[in-house]
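Here is the structure we will look at, set down as structure tokens.
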Amino acid sequence: MRDRMLSDLPEAAKQLVREMQQMNFGSIETLRIRGGMPVFGPETRVICEIKIGGKNGPRREAVMDEFKIKPEVDELFQSLAELGDGLVLALEVKFGLPFHLRVEKERVA
């Protein structure tokens, strides 16, 4: 089995991966999930951490056209697929990778 690559992801998933790479450290809040895929909207907040005296800026992958998807990213998208429809309250990002995820599930009537 070959490694999953960026080009294997749907466009909505690529957008989330690129956002995480650009911020490097920070969080994404109030991100809608529909059918297991992220939907960026006006309510979505992207919060970047700036480390005083530290290395800041995007990951090197942020400018690459293709690269292997890390296991943490696969696990994130598996969690979103299991969620189906809902809301990411906060997705904490460290070193351009998902680190901690808080979600709100939509209630089924």
Next item on the list: List the number of the failed condition for Pro58; all other conditions in (1) outside any strand (DSSP E or B); (2) within 13 Å of the chain's Cα centre (by Cα) hold.
Entry: (2)
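Report whether or not Ile33 is β-branched (Val, Ile, Thr), assigned to a loop (DSSP other than H, G, I, E, B) and more than 11 Å from the chain's Cα centre (by Cα).
No.
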Item checked: Any hit, the range 18-38, residues being surrounded by fewer than 16 Cβ atoms within 10 Å (Cβ to Cβ), of a type in the set (A, V, I, L, M) and within 13 Å of Val103 (Cα to Cα) -> no
Next item on the list: For the range 64-84, name all the residues that are in a loop (DSSP other than H, G, I, E, B) and loosely packed, with under 13 Cβ neighbours inside 10 Å.
Entry: Met64, Asp65, Glu66
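Rule-based calculations on the coordinates, nothing more; no lab input. Computed from a predicted structure; not experimentally measured. All Cβ positions, even for glycine, are placed from backbone atoms using ideal geometry, and neighbour counts span all protein chains on display.
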